[in-house]
Each structure stands twice: as structure tokens, then as C-alpha cells.
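The numbers here are math on the coordinates, done by the rules we state, and not lab data. Just so it is clear, the model here is predicted, and its values are computed rather than measured. Positions of Cβ are backbone-derived with ideal geometry, glycine not excepted, and every protein chain shown enters the neighbour counts.
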């Protein structure tokens, strides 16, 4: 390939062969130094340069900064020790030349979870090879991966699926896939995912004009906007007419296979947005907002640092309320376990009538509408992401609240295992299998621990969470007693679930901290995995059912 | 429903009659089951639970079991089964995990008998013991199977599958104590009803959930399973390890399987998604269903054979809220619609052809090709003739034809393309030259066409227009069938019939020519071409040294004038299809000419016994008066159409270019454009970039002309400072040096410049080539391991 200016080859760094990495790093080093050399004179005596020259040097400077940011990311996040060390040494040698180098903002992949809780890149650990895999595939390790690695088994399946959706054979062209990802993430104003995919989108040759808004994208993608909107906020409203509209427009119509691909991507990114907010993922180091070139000064702490608990000031994770509530929340865990045990052992004790069961479901469904975060909570920093979708006002609406009566979706009539899977696998081979695996792993994942207790059967609790989320979407399991949800999930937890699933952008650190106070962070991440998979399945079920109706 | 058949079967006393019929249910059905006497059927679903009697002409609703003001979830049935011993006894599996039994003998309206609420999740399947009245088995989503004694309130024993949900349970028909259970994770377990602690045997049957299973009614060891992986498998359980003996691949996940009574190898299946039909397969013939019922409009959820010993009646319930009785006579037989011939090319041009034996032997016109085939492969398969519904004899023949590598090559195409002259000289010369090229390649018909074109169009002043006596052979249209069997010489990689035909007798097949003047021109243009059109793929230019020779058209000139008179008539054995020639047919001449087939054909003639072709002969002028060239336009147009039709688009395009305005108006733009694009595509596949570029240049279609105007920019780096060269010319504006220095001789390169894409260094083509013979590093000393493609 022809090497063009400003495009340093980074791909060699992803190799598993240390020699190749070394050579690639050396190239990078030379490129950086060369660029540095080009720039420094311009900075030293700017006077003789014409204005044109100055702007040229400004863009050159910008490119150098990009490279430096990338190096900074590598020095922190690369799973290969040699690359980390070398990147750091390049950075410091650049610094010695008098050029300002960036430093990371914030201290970790998540704003909610203290950095020390998260697996350090570079620890010798069995999980490192997952990192290396991911790094080799993507060229960087994203923060989502770093947080998910609490659950390596799931992470592996997750990465495999995502890689297949974005890179492997599929009906949609690569730039479409990223753009759909951007569309979906933008629905929840998830600037993290948007940034990530804007980069990828441009990298695979996407037209930068599309990024100015959906109206600049091809008609075909614009048509998808409606589906995106409904799917994200009110999936139960999807009908076969929506599908028909997408498939039957003469000029910009979708094929069934393309549509399935798009639907899977949309749901994947909606739920990933939930994860991003639910775990407070911080911006990538090499992306905008993840690093700064300013020197550290006292006034300069980023808000997220403070709220994060990452900063030295409140190093103790147990928040101010912690000391008071320790004993109290200790009891919470005990009580919860006690209830689970009861439910498991003597279920038949009070035999509820059928009507009672139905009412319980309806009540839970209704209540889930009112479990709602107060609107005055500070909203997450929204950036310029709204341009990717119209109609911001169209948010999640509970059904009962607006007097809409939506018929309950019976999972026994249309389930993922029996129906959804077959449809997806038929139209987009292998993906059904991958998603199915992912659902299974997420649903069955357990370490038989709860907070400080070991050997606990958590299946009732997990099932309650899963079914509660589906309940919010109107999906009912005939064989489930929705009374259990009320016993197992307390209010603050419900608030958190509801927020993360329906309006993820409103999630705050306070919510994250206030549920399950005694539980470990890894367990909270586990909850998040359940949330996103349940949400994805719910959205998929509605979309696939509509497609099935369309087909018959 | 025109073809409704009425079938009567006598079965040990009671007679079953009926026809294909259906009735509407109020709601989608989830499962159906028949009463022992085959006179009643029960339909169960989320919102329906009814018993219908099967009359001769219709279904009649007998009983609605869904009673009560507000039916509870206990009525929401996932499965239903009718006891085969006691016709008053039914059991249902409810979606909320309850197993309910019903006693039709109860006097009250509510027939509900017992309620077992032991399962925690949805119960997927219930099954009565085939011989024991009180024994009921259930399998549930919670992973447990439970055995109930209907005389007791609770389950007798619980079997834990130690895994995910149970999808189906079935008592073995012959083995009193055994039952099979299938699981969502793809496993099948065999249990002994007396030993609830551990399964007897377990094996993985499918990838993904196993939705259903069915024991063979006669053969005690056979178990059929159907799964989400779209397979139906038949397992022989007699041996120690379950052995897969048959496997049927369907097109959608398999929801139910049911062995067909009295037919050892037949099995009915229906699918869970997408596909609404019911298939009956012969498991020994897994690729095509032996019968198919297509009545349902939504997925079929339950199928059951009406009577234990009657193979002709099938009942089915569906999500489309209908209940059907299918009669086997009305089934559609996909095999009738199947195309029993198969034809396939291999990578190397070999061709396999399979057809029914009868079809091949009945082919009286040709002798069997056993001689032609180098490696014929035959296999025959005879089906059991006693098998019912085996309408079509299934013995077939497979033949494999090998490509003859030498004669199959496309050399002629490449050579013609390179050697043809298309422009730059008078028409007569061009035609003569091209005729000669074709002649050299033993393509007489093409050569003849060129000569004729010259006669028609060139120098009307001197040449009295030749009188063309087109005698038309009649047979040339009969080529296809015969020829398609003569596959010995198929050119590799090309698969249409016209090619087959051509390659067989190159000598007289119609081919297209191209010319070397193209390459000459390209010599001048080479630099430009490289710089603009084809970025960097062929940095070592394609100019070949020997082209000049091609221009020595030594013995072409003498005939300039009298040629048309001297030409011996034998030289015109052209196969031609032009139909519109009004001139008199000269049969005598025709006969005289026809034996002149080339030697090449002589070899192959045995393969193609009937190979008639039309002839065009040119006789001495019968008419003295000259005709205007326009007169021939329709003929020439037809000639070109003919060539293009035969797949020789090379000829069509070449003539089009050479004749230029003389013929262009006679052919519509679209056709021309089509020819051009096809030819250019072909040329590019053979990597004849220069020729294709010339064709583009010479073409008169606008759409073609602009083809080489696209993406003409080539980005290059300065070999000195490694920055992109932004301005025109060869001086880098950054380092003020000439960028196109040869790295070997350090002179400025003019003409062909080749460079490495990795390090931007390069130089004279010759120098670099020489350098690379000895070293793989960059001659500039930058240390780069240069790669030139």
C-alpha cells in the first residue's frame, strides 16, 4: 500500500509476533520524531512563515497530537508489555523535545468503578489473552472490554458476536454497519459509542457528510430512522406495516437479509448504550474527551474524576453514607438471600389463583412505569450527537401511563429459542447461533456468590431481573409468578434497572451506588450484562415477530 | 380442491373414509391428538380446547372443554394427548407449568379431572403410556420429567435431566419401561421408568434444541428426532451406541416428526418457523420429500396420523386457526416437478452430467459417448420397486467429461486480440490483415468474413461488387443438443453453450479477431496508460518485443485487386446463418464446398455426427451492376448479430470498429454498447489491458468512451522526501529535486518508470528488472525489501 502522509501504520502493533511489533513501533517512533522535527522549527520562529504555512503547521500539529494521543492510549492500554514500554519512551522523548504530550483525563475505564477494582492491563493473568485477541482484532482495547472482562466468559462471546456483526460476511456494507451503530447509539445520546464508531466509520471509507445528520445519509438509511426510534423506545409498537414500508419502497428498499442485519445491529447498540451508561464508561483515551494536553493543575479536575471516586480525595469507595448503612445493607443481603431461599423451597405454600397471577403481572408492568427517575437529576453531558436522529422528544413512554393498551406479548407464543433464532439464522446465517450463545451465557452466568456469601443459588434472582426487564416491555412468561419480583428487587434497584434499560442517558453515579450497596462491582457489572441482554432480546423479539408476520 | 379424492380404507372392521377437508378454529392451535377409534380429534391451543368429530365430509364440533367465565392459564395448552387405551382420558400441558387430566366421562360441564402443579416452568410435552392406563409422563422447561400415576395426587417419580429444558418425552412403544427425552441443548436421554436417579443412556443428537422425537411403530430400535438445526435424524438404538442411520435435511427447524403407519421408511414432519408445509419423507431418499401438503397459511403446529394402521389420512392443526384432514392422494409430489437432470462444471472445466438412464439411452441421434469420455463414471441406484408411491424410477447415470487442455485453451482469443488491426490504415488493408490473422489461427470462417467485408466495402470504384451467392445450409440451428454433449474441448472457465460449440472445431467456428496495431499504438501510449488508467498493477509494462513482426504482412498485398476472382471456392466453407439472402441457392456449389472441413474437424467429427452448417460461397459475379455498400448493411448487421449470438463478441466488436460509420447506424446503440462492454470485460479478464484500452478509445459509444476517463489520477510519493507529489511534473516542490531518478543509473527516467510502492524508489524498467535478478533490496539503499508485482 502506498504510504501517505499522516497515516502511520499502526496495524503492525496488533501482531502477536514480538518482532513485527518491534519493527512497527520503530516505524512509529521515526514517524513521530520526523513530524516533531517538522513542527518544532515552525513553533520556534513563527514570524517568517506565511499565514498559509502557519495553518499548515497547525494541521501538522493536530496530526501529531493525534498520534501522541494514540501513543498515550497504547502506553496505557496495550496488552503487550513491549508496546506499552516503548510507547511510553517515545512519549517521553517527545516531551524532552519540548512538545507537550497529552495525559489521560480520569483514571480508568469507568466513572463508577474505581480503577483499582478493574483488571490492570499488564497483569499477568489468564484473561490477558482475551485482551490480546481483542487488541489484535481492533487495534485498541476499548473501555467496554476492560469493564466486561470481569466476566471473561461472556466477554469472549460478546466480542465474537460484535466482530462478526461489524467485520465478517454480511449483507450490509461495512460503512453502513458503523453508521447504523452510530444511529442506534445516538438514540440514547451515547457520545462514547458515537465517537468510537465515527472513527471506525471514517476508517472504512464512510462519507463524512453523512455524519452531519441523518438527512445527509442515503434514503435507505433514513428510512431506517423510524424503526430505530420505535425499537429504542417503544418496541411493542412495531407492526408488520413498519417492516413492509422498509421492504416495499421501490427505490430504497431493504432486502430481508439486510433488514435482519440492521435490526441486530440496532438492538445490539441500543443495549450497548445501556451498558455504557449503566457502568459509566469513560471516553477512550485517544478519543476526544479522553485526554488533555493541558498541564495538570488543581482546578483542572474533570467532573468525572470527582464523581468517580477515582480521585485521591475520596479514595475510599464506601461513600459518605457508607459507614452508616454498612450494617443496614449487610442485612439487606441477608434478607435477600433469605427470601430467595424461601421462594425456592416452598413455592407451593400459598397457591395463588390464576387471576391473582395475571394481576401480579399487570401490576408489575404498571408499576414499572412509575418507577422512574426524577427528571431533575442532572442529565448526562450531551454532546453533538443529537444530529444523528430527529425528534429527540420521542422518548421511552410506558404504556399504561399514556392510556395505550398494548396486548401483552406471550413468550410462549413467540420465543427466541424456538422462533427468533430460526428466523435470524435463516436470513443471516451464523449470527443466530452467536447471539443465542451470548444470551445463554448471560442468562446462565453465575459464580454462586452474593456479595460476601458463597455457594448461593442465584437463579431465582437472575430470573427475576430478566423477567422484570421483559415485563417492562410487556413480555409475559406464563410460568412465572411476578410476585417474586416484588420480593426480590427493592425500589432503588428497580429504579436503576428501569433507568438503564429505558433511559440510559439519565443514569447517574448516585443510582449506581445506591442499589445493592454491599455487592461487589463485578456483580453490578454482571447485573448490567443481564440488563443489556434482556433488553436486546426483548427488542429483537418484537422486531422479529413483526418480520415473521410480514412474511406469513 | 378440484382433485379431492375420496378414499376408503378397510381396517379390521371399521372403515375410514373421507376427503381432504378443513374447518376453521377460533384460535391458533398448538397441538392436536386423535382418539383411538380415529373418529374424533382434540385441538388445543392458548385460547382453544375443543373436540371435533371427523365425519365423512366435515369436522363437527363435539365439545368445548374450555369452560368457565374467565378461563385460567390452565387452559392455555402447549400440548395435548389423548389416551390410546381409554377414550375418555385426555391430558394437557399448560404454559404455566400445570399438567391437567380430563375425563370426558364426567357428567358435569367441566371435565377437568386432576391438576398437577409440580413443574415450575412451562410443560412442553405430556405423554401417556401406550399400554398402561394410569401412567402419564411430562417434560418441562425446568429440566425435569415427572411420571404421574393418575390414581394418586402427586407424581410418582421425578427425573432430572441435569440440563436445560425438556422439549419432548415419548414412551417407547415396545419397551415397557423405557422412554426417551429430548433437550434444548441437543441431547437425547433414555430413561428406565424404574430408575429415576440416572438416565440409562445419553447422546448428542442435534446442534441446538431437539424439538421432537418419535419411536418407530414397528422397528423397536428406531427413534426419529427433529431439531432446530433443520435436521431429522433416525437413530438405531439397538446397538450399544446410538447410531445415526438416516438423516434428512429440511429447510426450516423441525417442530414435529411422526412416523407414517405401515410404511417403514416414511416420516411426516412440519416446521416451527417460516415453512408452512407438511412433508412426508422417505428417509432413504433425504433430498426430496416424497409427498407434501401445502394447505396451511401459517406454521403447522401439530400433525397426527388419523389411525394407527392407516397411512393415508393425516390430520394437522396450525397457527392459521385451521384444522385439516389431508388425504395422501391429494398430496403434491415434489418429485414430479423436480428436474431430473443435473449439470455442473468443475473448476478446471470438467463437466459432470447426470440424467435418468432412460433419457440418455433414448437419445437415438447419437451414439453413446463411451468412447469420448476418458473417465466415465456410472452409478445406478435402484429403488425397491415394491415401495408405494415411488412413481419415478430413480436409476440414473452420471457422466463426467474431461476438458482437453490443449484444445480448450483460449489462446486464439488472446492472439487474435493482440494481432488484429482495428484502425489507422485503409479499410481494405485492415480487413486483409485481420483475415490473415484469423487464417493463421485456422479460423476460416472468420477469415472469410473479413475478406467479404473488404469486398463489400472497400474501393467500390475498382472492385465490381462481388456477387454473393449465399447458400444457406439448413442445419446449423440444430447444434445445441448434439453439441452440448461434445464436451471434450471446452475452454476452461467458460461455460456457455456457444463456447462449447466453438471449441470443438476451431477451424470453422466463428471467432473474433483483434489486431496488433493496437499494441503498436500502445507503445506510444504506454506511459500514459500506466500513469493514468491502471494504477500500479503491472509495473513491468506489457509491451512485448515481438509485436513488430506481426506487421510484416508479406504475402497479403499481391491479391489487392483480383483477389475476389482468384479465390478458390473451396476456401469459403463458411457456416452461416443468414436467412435473408434472396439470391438463388446454388446447390451444386454447396455440395462441392461442404466437404472442405478442416482437419481439426475431421478428428472431432465422430463426436458430432450431425453437424450441418450453412455455406456462403462467392461465385463469379452474376450481376455486373454494382450495388451500393448500403445494400449490404442488413446482411452485415446480421453477420455481426450472429457472431455476437454465438458468443464471439470479439468479432462483432472488431468489425464494428473497423467498419466504423459504414455499419454503425444499422445497429442500435444499446446493442453496440452491450457488445463493447462484454468484449472489454473479456479482454480485461485476460489482462489484455492495452487492447481493451484501445477498444475503449476506438469505440464510438459515449458510455464506453468515458470508461477510461475515470480514476485517472495516480498518487505518487517523491522518492526523496517520501511526501506526496502535489504538483504536476516530476519535480518535487518540497525538496526541489527531480523525483523520477533511476535508482540504479541515477539518471532521470523518461519513458517507462517503475517504482516500489513501499519505499517510492524506482527507475528504468530494464534497470530495475536487472537489479532485481540479483538482489531483493531496494537499489537506492534504503533497506526496503522491494516488491514488484
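Here the calculated FRET efficiency for residue B:24 and residue B:207, from their Cβ-Cβ distance with R0 = 41 Å, stands at 0.60, rounded to the nearest 0.05.
Once both labels are positioned 7 Å from their Cα atoms along Cα-to-Cβ, the gap between residue B:702 and residue B:67 label points is 8.4 nm. What the Cα atoms of segment A:434-503 give is an Rg and a Dmax of 13.0, 34 Å. Each of B:335, B:32 has some number of other Cβ atoms within 10 Å of its Cβ, and from fewest to most they run B:335, B:32. With R₀ set to 51 Å, the beta-carbon distance separating residue B:770 from residue B:332 gives a calculated FRET efficiency near 0.10.
Taking 0.36 nm per residue of sequence separation and removing the Cα-Cα distance, the residue B:200/residue B:131 pair yields an extension gain of 22.7 nm.
As a rough footprinting exposure proxy, the listed residues B:145, B:21, A:340, B:769 were ranked by other beta carbons within 10 Å of their own, and the order from fewest upward is B:769, B:21, A:340, B:145. Modelled label positions at residue A:240 and residue A:215, each set 7 Å beyond Cα in the direction of Cβ, lie 3.5 nm from each other.
Pairwise Cα separations in segment B:265-332 fall into 10 Å bins from 0 onward with the following percentages, short to long: 22, 56, 21, 0. Projecting label points 7 angstrom from Cα along Cα→Cβ for residue B:110 and residue A:363 puts them 2.4 nm apart.
Stretched out straight at 0.36 nm per residue, the stretch from residue B:86 to residue B:748 would grow longer than its current Cα-Cα span by 228.0 nm. Quick one: compute a quarter of the convex hull surface over the Cα atoms of segment A:148-276 and quote it in nm². Reported value for the Cα convex hull: 8.1 nm².
Potential lengthening of the chain between residue B:158 and residue B:264 amounts to 34.8 nm, from the contour at 0.36 nm per residue minus the alpha-carbon distance. Legend: calculated FRET efficiency, residue B:53 to residue B:347, from the Cβ-Cβ distance at R0 = 60 Å, rounded to 0.05, equals 0.45.
Cβ crowding within 10 Å, taken as a proxy for footprinting-reagent exposure, orders B:321, A:93 from fewest neighbours to most as A:93, B:321.
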